[in-house]
């Protein structure tokens, strides 16, 4: 098959992964609570109240982090050339998904406690209606951009495919 752009195939051929991220600890209310504690700046130089909370919360924070990445229960967010998926476990069992043509904008909502983790919630909209959300996405602007670019590409391919099918 000839390809107009090297390495680029039509989304109708097969689904392929563009990006995978694992949610931050801040996806949970406990993680957001810890993030609010860690953000406290009172103190001198490196010796701040927030850094003290980091040390004191190690027995809570490590299991909370490991829960997100455990092979059986760990969650991940995957952007493909057709969908944005929420998957769980080693096998990537699909929990929920949204097709790339089912949203037209994505809002970044940083909840209190998420700034310390450099994460935020992504909320997907179709017009004014909220249709999907991803909690605790690390480096949310990059993931948001990847989702929007994948959506634009998918819509472009759909438009080209429909023109070819109608013979225009």
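For region 19-71, filtering for residues that are without any contact (Cβ under 8 Å) to a residue 40 or more places away in the chain and in a loop (DSSP other than H, G, I, E, B) leaves 8. For residue 157, state whether it is modelled with pLDDT under 95, surrounded by 17 or more Cβ atoms within 10 Å (Cβ to Cβ) and either out of contact with any strand residue (DSSP E or B) (no Cβ under 9 Å at 6 or more places or on another chain) or more than 11 Å from residue 103 (Cα to Cα) (or both). Yes; evaluated as a whole, the condition is true for this residue.
Identification of strands (runs of 3 or more DSSP E) wholly contained in region 72-129 with 1 or more residues that are touching a helix residue (DSSP H, G or I) at 6+ places or on another chain (Cβ under 7 Å) and under 21 Å from residue 15 (Cβ atoms) yields 75-80, 83-88, 105-109, 119-126.
Quick one: is residue 34 surrounded by fewer than 16 Cβ atoms within 10 Å (Cβ to Cβ) and over 20 Å from residue 144 (Cβ atoms)?
Considered against the rule, which asks whether it is surrounded by fewer than 16 Cβ atoms within 10 Å (Cβ to Cβ) and over 20 Å from residue 144 (Cβ atoms), residue 34 comes out as no.
The values are calculated or read from the model by the stated rules, or taken from the named source; none is laboratory data. Here the structure is a predicted model, which is why all the values come from computation and not from measurement. We place every Cβ from the backbone using ideal geometry, glycine too, and count neighbours over all the protein chains shown.
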